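Read through the structure below, which is laid out as structure tokens, and then see the notes.
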Amino acid sequence: MKFYSVVPMRIAKIGYIAMSAVFCAAGAMLIIFPAVSVKFLGAVIGTAMLLFGCIKLVGYFSRDLYRLAFQYDLQFGILLIVLGLVILIRPWDVVQLVCISLGIVLLTEGMFKVKISLEARNFGIRQWWAILAFSLLTGLLGLILVFRPSESIHVLAALLGISLIIGSILNLCLVLCAVKIINHQYPDAIDDYEETEDMDK
């Protein structure tokens, strides 16, 4: 029986951690320097969303052991890539685009990761409550971003910064708690069945 390669899993896990650090840094910069150039902001966030979308696609196809953290990353990866490209292509609408795009992503991710946190509890992962708490907080911040309660650039910058930091913490919690990499991982029964069906055809 052949083993699974753990390389895609390692790329996805390291990529999640690295991109979470990038988004955390971007969030802190927005809180500390709210008057940062909107074009620079759009370039940074658009590029980061594009890269993170690619990493999510790698995660989806990596077949990690629990199949929890990356199970919705095909959809979210495509969504992030599309939104990242839109932000990069339309820099003149950057504040509105970033607020709405990031708000939609955070709201949707928060809702789906609530489900993942409950599945993590069933798997016996002790930190499931942390994933649940940050999922709810991320979804709430995403909802606030979509409706933008203030048009003040300083308020929006601070809100974006906090949202980026909380979303990054959620991704870190998820990937550190729910992604287990085992060298020489065997295919599971489902994969064996799928491969047998393909050979029969």
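For this structure, a couple of remarks:
- Residue tally, condition modelled with pLDDT under 80 and not in a loop (DSSP other than H, G, I, E, B), over segment 57-77: 0
- The set of residues in segment 27-56 that are crowded, with 20+ Cβ neighbours inside 10 Å and outside any helix (DSSP H, G or I) is empty.
- Look at (1) surrounded by 21 or more Cβ atoms within 10 Å (Cβ to Cβ); (2) at pLDDT 90 or above; (3) not charged (D, E, K, R) and you find that Phe23 fails only one, number (2).
The values are calculated or read from the model by the stated rules, or taken from the named source; none is laboratory data. Predicted, not measured: the structure shown is a model, and the values here were computed from it. Cβ sites come from the backbone with ideal geometry, for glycine too, and all protein chains shown count toward neighbours.
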